[in-house]
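Rule-based calculations on the coordinates, nothing more; no lab input. Keep in mind that this is a model prediction, so the values were computed, not measured. Please note: Cβ atoms are built from the backbone with ideal geometry, for glycine as well, and neighbour counts cover all protein chains shown.
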Amino acid sequence: MGSRKHERPLSPNIQIYRPQLTSVLSIANRITGVVLTGCGFILVIWLVAAASGPDAYSQFQRIVGSWPGLLLLLAATFAFFLHLCGGIRHLIWDSVRAFELKQIYASGWTVVAASLVLTLLSWVVGMIIAGQN
Ligand code: HEM
């Protein structure tokens, strides 16, 4: 065991840093990536239910159409758009652009605003289409 004198400083961890837009969006991108992977499984279940016949399909629709189901669907829609917009932000960074701190904050808030607008827009369009049937 080394003496105290030779101990290296530990880098501050997540519990020490104050949450900032940059870190929150970074973590959110990972969480939404995992959430979308889970949504992929649910999408497969939906397709299997549709292929299994009207009973299985209507049972699935009943679960998704319930309040908790709709709330989860809303959250999933936001997760999708947050990850999509965050992904586009990453692609811009990959082209070695917008790395100034001011630009990073501007793109971060743009991602948040665009995700909210796109979520709202897709639900409004979805409800209009659903209302027509
Ligand atoms: C529904 C489809 C999608 C799924 C299931 C998915 C899933 C994931 C997962 C699991 C990760 C890894 C997260 C991590 O460990 O940090 C990830 C990262 C990433 N995704 Fe997606 N993703 C999807 C759509 C997209 C789209 C449409 C884009 C682009 C516009 C995108 C861009 C990215 C990028 C750039 C990263 C890496 C971010 C980083 O370097 O930290 N993804 N995605």
Tell me, Kirkwood radius of segment 21-132 from alpha-carbon pair distances, in Å?
15.8 Å
Of segment 10-46, those with amide N under 19 Å from the point 7 Å along the Cα→Cβ vector of I104 are 11-31
For I27 paired with S66, estimate the spin-label separation in nm (one decimal), with each label point 7 Å from Cα along the Cα-to-Cβ line.
3.0 nm
7 Å from Cα along Cα→Cβ at both K5 and S58: what's the point-to-point distance in nm?
8.1 nm
With Cα atoms, 0 to 90° folded angle of helix 67-94 axis to the chain main axis:
50 degrees
Could you state the angle between the C-alpha long axis of helix 101-132 and the longest principal axis of the C-alpha atoms of the chain, as a value from 0 to 90 degrees rounded to the nearest 10?
10 degrees
Evaluate the distance, in nm, between pseudo-label points positioned 7 Å from the Cα of Y17 and of L116 along their respective Cα→Cβ axes.
2.4 nm
Using only Cα atoms, tell me the angle between helix 54-65 and the longest principal axis of the chain; keep it within 0 to 90° and round to the nearest 10.
50 degrees
Compute the relative contact order of the chain as a whole-number percentage, counting only Cα pairs closer than 8 Å that sit 6 or more residues apart in sequence.
28 percent
MRE, 222 nm, helices only [DSSP H, n ≥ 4, -39500 (n - 2.57), over the chain, to nearest 500]:
-28000 deg cm²/dmol
